[in-house]
Every structure is written in C-alpha cells, then in structure tokens.
Amino acid sequence: MENIEGKVVVITGASSGFGKITAEYLSERGASVVLGARSTDKIEAMAKKINNKGGKAIAVTTDVTKADQVKKLVDAAVKEFGKIDVLLNNAGIMPLSPLEYLKVEDWDQCIDINIKGVLYGIAAALPHMKEQKSGQIISVSSVAGHTISPGGAVYSASKYSVRVISEALRQEVKPYNIRTLVISPGAVNTGLPGSVTAEDVAENIKQYYTENAIPADSFARAVAFAISQPEDVDVNEILFRPTKQQL
Ligand SMILES: NC(=O)c1ccc[n+]([C@@H]2O[C@H](COP(=O)([O-])OP(=O)(O)OC[C@H]3O[C@@H](n4cnc5c(N)ncnc54)[C@H](OP(=O)(O)O)[C@@H]3O)[C@@H](O)[C@H]2O)c1
C-alpha cells in the first residue's frame, strides 16, 4: 500500500459502486481524489465528507459520453492538484438483453459510455501524462470482456473493446513512461444490475448477484495494489471473480 499517498487520482463513475468505494479507499490512504459522475449531489456530498475527514477531494459533474466534459474533469484535477497520477476509467452500464429484444437505445448507450467514455478519458489524460512523463491509466473491463453468453452481446463487445484499447495504449505509450491496466471483475455487489432494462433479464441478474456477488472493496484493493507498485512495474491485467462464480 505504498505509493498511494500524495497521488492524484481521477475517477469516472465515482458516485456509486466501484468508483465510490475506491475514492474512499484511496483517500483514506492519502490520495487526492477527483470525482466525476452525472449525479452532482452524490459526488459533491462525497467530496465534502472526504474533505471533512482531512482528505482531499473535488467533484466535477461529468457525463463520459461528452468528450469536453471528461476533459474538464481531468483539467480540473491538474488545476487543483498540479498533476494527474491515475485515471480510473470506471463509468459503465450493463444493459444485458438478447439481441432479438432490439434494445437499440441500450446498445447506443452501452457503446457511448463503456467504449467512447474510456476513449474520452484517454484523450483527456494523455496530454498531461505525456508532459509529466508518468501516469497510470486504469480501465474497467469485466469477466464479460473475456467470455460471451446469451444476452451479453453488446456489453461483452464493449468490455472486449476496453481490453483492446488498453493493450494498444500500453504498447503506444512506452516512450512516455505511462502505465496501463485493465481490471476485469466478476460479479461484485454494486448498483450495476440496476442498469438492466429488460425486466426478465433484470430479475435473473438480481437473483444471480444476490447469490454470488462479493463486496466492492475487492475492487478497491485491486486498484490499490496496482497503484502502489513502484514506477518501473507495470501491472497490466487483473481478473478476479467470486470464488463460487463459475463463468
Ligand atoms: N459490479 C460488477 O459486478 C461489475 C463487474 C464487471 C465490471 N463492472 C464494471 O465496473 C464499472 C463500474 O460499475 P459499478 O459496478 O460500480 O456499477 P454502479 O454502481 O452502477 O456504478 C456505475 C457508475 O457509472 C456512472 N455512470 C454511468 N453512466 C455514466 C455517464 N454517462 N457518465 C458518467 N458516469 C456514468 C454512474 O454515475 P452517474 O449515474 O451518477 O453518472 C455510477 O457512478 C462499470 O464499467 C462496470 O461495467 C462491474
């Protein structure tokens, strides 16, 4: 858990689940956290709580489907804290449904948030990190970015894409001393099942999560492990799942 104190960590999707718990976890270990999400009230309340406890946090309302808003989030981090050490590209939704349901709006949103959101994060952070000649870009894929099952076509496609983008980035940013990581969690207890809009699928997923999901601090610890490595160690992939999760 070394190397966390004093780091500036920008987190998208910070209002809930992984983003929220990771912001709290890292700020308790001395990181300055920059919270981005659409729910202004939630991230402002989080920032207030962290600052009241002696930590450092700011909140910037951010919709990751808007490149200019993601740039504003990252620029705010650099303006406030002088640098960006880590970008956690975390915002995402999981609107599972069979293709034959033709949930075209869900498909668009899933691609806009889960894929374009990650690209916009890279676009916002990369110029700063190149200049600094340091930084870590962490993007959240999923076990569903390694496996495919019925109902998961578009979500899995988005999470495979995150892995592809992150691996290309890894190879490209070597000259700038920038590190890249993809984290692929299995079923973890967050608000994510709430993003399933197909009623029958939502019921099954809720049931599955109730029976199998593990607590969200599992994710925060994985992020902390990667961040705390020395600068010459580039942890590129972490996949974890509940011990009882089969696929
Ligand atoms: N939990 C799991 O089992 C699991 C497993 C594998 C991968 N993941 C991935 O983990 C990531 C985090 O999800 P979670 O499990 O923590 O779910 P969650 O509790 O539902 O949190 C999702 C976060 O994403 C944000 N978000 C959604 N759309 C956004 C947008 N357009 N712009 C900015 N922020 C947006 C939400 O904030 P606002 O609504 O306030 O904007 C929220 O903070 C996702 O990428 C998800 O695919 C989760």
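For the chain, a simple Cβ point-charge model (Lys and Arg +1, Asp and Glu -1, everything else neutral) yields a dipole of about 560 debye relative to the Cα centre.
A cut-off of 5 Å between modelled amide H atoms, ignoring neighbours fewer than 5 places along the same chain, links R179 with G135, Q136, I137. At full extension, Q245 and K53 could sit 65.5 nm farther apart than now, given 0.36 nm per residue minus the alpha carbon distance.
Counting protein heavy atoms only, the stretch 72-133 has 55 percent of its accessible area on carbon and sulfur, 1.4 angstrom probe.
Compute the acute angle (0 to 90°) between the alpha-carbon long axis of helix 17-28 and the principal axis of greatest extent of the alpha-carbon atoms of the chain; round to the nearest 10°. For 17-28 against the chain, the angle is about 20 degrees.
Per Stokes-Einstein, at 20 °C and 1.002 mPa s, what whole-number D in µm² s⁻¹ belongs to the chain, with the Kirkwood radius over Cα pairs as the hydrodynamic radius? Using the Kirkwood radius from Cα pairs, D works out to 119 µm²/s. Dipole orientation for the stretch 8-239: of the candidates L239, L99, A226, A226 has the Cα lying most toward the positive pole (charges on Cβ; Lys, Arg +1; Asp, Glu -1). For the stretch 8-239, the per residue solvent-accessible surface stands at 45 Å², with DNA, RNA and ligands left out and a 1.4 Å probe. Given a 1.4 angstrom probe, I'd like the percentage of the accessible area of the stretch 161-247 that is carbon and sulfur, rounded to a whole number. The value for the stretch 161-247 is 50 percent carbon and sulfur by accessible area. Compute the acute angle (0 to 90°) between the alpha-carbon long axis of helix 117-132 and the principal axis of greatest extent of the alpha-carbon atoms of the chain; round to the nearest 10°. The two axes meet at around 20 degrees. Length gained on full extension, K79 to T40: 12.1 nm, using 0.36 nm per residue less the C-alpha separation.
For the listed peptides 130-141, 226-237, a ranking on the average number of other beta carbons within 10 Å per residue, highest first, reads 130-141, 226-237. In terms of the mean number of neighbouring beta-carbon atoms within 10 Å, the peptides 165-174, 181-190 order highest first as 181-190, 165-174. Comparing N204, V34, I115 along the charge dipole axis of the chain, the residue lying farthest to the positive side is V34, per the Cβ-charge model. Per-residue packing, averaged as other Cβ atoms within 10 Å, sorts the ranges 69-75, 15-21, 93-99 into the order 15-21, 69-75, 93-99, beginning with the highest.
The simple spin-label model puts a point 7 Å past each Cα toward its Cβ; for T147 and T197 those points are separated by 2.7 nm.
Using the rule -39500 (n - 2.57) for each DSSP H run of four or more residues, divided by the residues of the chain, the 222 nm mean residue ellipticity is -14000 deg cm²/dmol.
The values are calculated or read from the model by the stated rules, or taken from the named source; none is laboratory data. Just so it is clear, the structure is predicted and the values come from calculations on it, not from any experiment. All Cβ positions, even for glycine, are placed from backbone atoms using ideal geometry, and neighbour counts span all protein chains on display. The accessibility values were calculated without ligands, DNA or RNA, using every heavy atom of the protein model including side chains. Shrake-Rupley method; radii C 1.70, N 1.55, O 1.52, S 1.80 Å.
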